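See below for the structure under consideration.
The values are calculated or read from the model by the stated rules, or taken from the named source; none is laboratory data. Values in this document were obtained by computation on a predicted structure and should not be read as measured data. Because the Cβ atoms are built from the backbone with ideal geometry, glycine has one as well, and the counts that use them run over all protein chains shown. For accessibility, only protein heavy atoms count, side chains too; no ligands or nucleic acids. Shrake-Rupley method; radii C 1.70, N 1.55, O 1.52, S 1.80 Å.
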Amino acid sequence: MRARYRVPLSLAAAGAAGLVYAAGFEARSFRLRRVTVPVLPSGMRPLRVLQVSDIHMVGGQRKKQRWLRSLAGLRPDFVINTGDNLSDPEGVPEALDALGPLMEFPGAYVFGSNDYYGPALRNPARYVVEKLQGRHGLNGNPPAKNVVHNPWEDLRDTFDAAGWLDLTNTRGTLKIEGVSVELTGLDDPHIKRDRYAEVAGGPSSSADFSMGVVHAPYLRVLDAFTADRYPLILAGHTHGGQLCVPFYGALVTNCDLDTDRVKGLSTHTAEGHTSYLHVSAGCGTNRYTPVRFACPPEATLLTLVGRE
């Protein structure tokens, strides 16, 4: 009788230990990724860009708040926030408190679906099913009903007051010690709020450097930015897969991007042109699935240097 239950009990114990690790340690094991990207015109001085994404702030997350505030010590040239700051309608004050020191630097932002709407409880296995069916977000799925509306306007107003550029389907320009950095942004493709036609046309000839910014790296958006010859695109949304298989990687991206590019620096090619793509794994989780496995929470310091 004992032998019959030994293996199931061992599996249950291993599963419980994995859950404790994923929720109690790794989801709070914040990391800084450092990446060098050769995208600037020859002769331009390097630019240091701090990307924060997918904070998914929930009340009481003190360690995450302290870590985000500490990133100001990196002294970046500018900050890019690629959205999903909230996972709790009451989390706005704590999200803004955590980002306060970073708002002392020039910056820009786009929003993600979780800035607009509160998360819903769902079976994580549905992400795998939807991937197999080619369904992602509202792209093939019915619109969400009876959703919680987050107070995203409070985020927008505070970011704007700090001087950060709102890149919601528009362009903006930052002046960094005499360097003109043009930023072209889109609202979240995951909920079909992107309007590329409003920003199409490629980089301005008057800018020293231009880049694209979006929350969710859907292929239609990456194709458009790349075809318009933006040398660099920043995105978030994927959580790096969140629950990954060691030595294999992510199972899903929660969009139509392939899992090989679920996080970190890669390239994207469209219409004969190639852009660098950086996807942040983000530093938070949905409040209903507060776990990470083989995919620590992160922010990224990108050092942009001259093209070789």
Taking H placed 1.01 Å from N in the peptide plane, check which residues at least 5 places from G306 or on another chain put their amide H under 5 Å from its amide H. L40
Using Cα pairs closer than 8 Å and at least 6 residues apart in sequence, work out the relative contact order for region 207-256, in percent. 37 percent
Would you work out which of G100, S275, V262 lies farthest towards the positive end of the dipole of the chain, given +1 charges on the beta-carbon of Lys and Arg and -1 on that of Asp and Glu, about the Cα centre? V262
Take the alpha carbon atoms of region 51-185, find their radius of gyration, then divide it by 2.2 N^0.38 Å using N residues; give the quotient. 1.16
Normalised alpha carbon radius of gyration of region 230-308 [divisor 2.2 N^0.38 Å]: 1.18
Dipole in debye (nearest 20) - region 153-308, about Cα centre, beta carbon charges: Lys, Arg +1; Asp, Glu -1: 340 debye
Give or take rounding to whole Å, what are the principal axis extents of the alpha carbon atoms in the chain, in descending order? 78, 42, 41
Could you work out how far helix 152-161 tilts from the main Cα principal axis of the chain, as a 0 to 90 degree angle to the nearest 10? 40 degrees
To the nearest 20 debye, what charge dipole does the chain have about its Cα centre, counting +1 at the Cβ of each Lys and Arg and -1 at the Cβ of each Asp and Glu? 1480 debye
Run the accessible area of the chain with a 1.4 Å probe and give the carbon-and-sulfur part as a rounded percent. 54 percent
Contour minus Cα-Cα span, R220 to V35, at 0.36 nm per residue, comes to 64.1 nm
Mark the label point 7 Å from the Cα of R45 along Cα→Cβ and return the residues of region 169-183 whose backbone N is within less than 18 Å of it. 174-182
Over region 161-308, what relative contact order in percent results from Cα pairs under 8 Å that are six or more residues apart? 18 percent
DSSP-defined beta bridges in the chain - what % are antiparallel, rounded to 5: 40 percent
Charges only on Cβ, +1 for Lys and Arg, -1 for Asp and Glu: so what's the dipole of region 40-183 about the Cα centre, in debye to the nearest 20? 600 debye
Cβ-based charge dipole, the chain, positive-most Cα from P124, H237, F159: P124
In the chain, if the dipole is taken from +1 on Lys/Arg beta carbons and -1 on Asp/Glu beta carbons about the Cα centre, which of Y248, Q133, I176 is farthest to the positive end? Y248
Can you give me the Kirkwood hydrodynamic radius for region 31-102, using every pair of distinct Cα atoms, in Å to one decimal? 13.5 Å
The chain: most fluctuating residue of V279, V39, V128 per GNM, C-alpha cutoff 10 Å: V128
Can you work out the accessible area per residue across region 167-308, with the rest of the protein chains kept in place, probe 1.4 Å, in square angstrom? 38 Å²
Report the net charge of residues surrounding G178, where surrounding means a beta-carbon distance below 13 angstrom and charges are Lys +1, Arg +1, Asp -1, Glu -1. -1
How many Å³ per residue does the convex hull of the Cα positions in region 87-151 occupy? 125 Å³
Which whole-angstrom value gives the distance between the alpha carbon centres of region 233-272 and region 154-205? 23 Å
Taking the chain as a Gaussian network, Cα atoms linked when under 10 Å apart, which of R292, R126, R195 shows the biggest mean-square fluctuation? R126
Want the number for L138 to A161: 0.36 nm per residue separation, take away the alpha-carbon distance, what's left? 5.1 nm
Tell me, in nm to one decimal, what length is gained between T274 and S70 on full extension, where the rule is 0.36 nm per residue of separation less the Cα-Cα distance? 70.0 nm
Among DSSP bridges having both ends in region 130-262, what percentage is antiparallel? Round to the nearest 5. 55 percent
Evaluate the Kirkwood expression for the hydrodynamic radius of region 167-298, namely the inverse of the mean inverse distance over all pairs of different C-alpha atoms, and round to one decimal in Å. 15.4 Å
Relative contact order of the chain, pairs being alpha-carbon contacts under 8 Å that are 6 or more residues apart, as %: 27 percent
